[in-house]
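The values are calculated or read from the model by the stated rules, or taken from the named source; none is laboratory data. What you see is a predicted model; the values in this text were computed from it and never measured. Here the Cβ positions follow ideal geometry from the backbone for every residue, glycine too, while neighbour counts run over all protein chains shown. Side chains are part of the model used for accessible areas, which takes the heavy atoms of the whole protein and leaves out ligands, DNA and RNA. Shrake-Rupley method; radii C 1.70, N 1.55, O 1.52, S 1.80 Å.
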Amino acid sequence: AELYKATWIHVVTIGRQICPNAKWIWAPNKADDYATPFYPGDEYVDYVGLTLNHASIERFTYKYFEDYYTYEGTKENVEKYNKQIIVCEISYSCNDPALKQSYLESIFTYYKTDPRLVAVVFFTENKSSTRQYAFIDNEECREIFVNGIRELRNER
């Protein structure tokens, strides 16, 4: 952890000299107690990010983003850094179109309610296995996605 933090600080220090307007996102794969020792410090982190890929074949299948974000312990852990949050990768593996649509809608609904959450990056990939991470693989999901983005553009 100490070597990682020293390396991060070194890279950020050089990066800020070269490009002072760049922002730095510290984004462990999952914000949990394991990641805490690797946090390089507030001075070297502009945003905290995380990955929230939910495979519906896991122990718990959540219908709504807020439940997954909250009950898996991730929200509490990532908020402890008191930084704005970016979900650097979000997906939902599910072959049930109605469940996927509901989850996608819930991302946009939740995003509007949490001022700490400032960006979400959608991960979308068709897999040949049962894990379908493609959010916009049907017309209904594409419509939800496009309308959600349009609505957010008008609000922010």
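Round to a whole number: what % of the accessible area of segment 4-59 belongs to carbon and sulfur, probe 1.4 Å? Answer for segment 4-59: carbon and sulfur cover 57 percent of the accessible area. For the chain, the per residue solvent-accessible surface stands at 58 Å², with DNA, RNA and ligands left out and a 1.4 Å probe. Net charge dipole, the chain: roughly 340 debye, given to the nearest 20, about the Cα centre with Cβ charges of +1 for Lys and Arg and -1 for Asp and Glu. Computing FRET efficiency as 1/(1 + (r/R0)^6) for THR109 and LYS80, where r is the C-beta to C-beta distance and R0 is 22 Å, gives about 0.35. According to the Kirkwood relation over distinct C-alpha pairs, the hydrodynamic radius of the chain is 16.8 Å. Helix 2-18 and the longest principal axis of the C-alpha atoms of the chain enclose an angle of approximately 90°. Find the lysine pairs in segment 1-145 meeting two conditions, Cα atoms under 25 Å apart and a separation of 8 or more places or different chains, and report how many there are. Taking segment 1-145 as the scope, the lysine pair count is 27.
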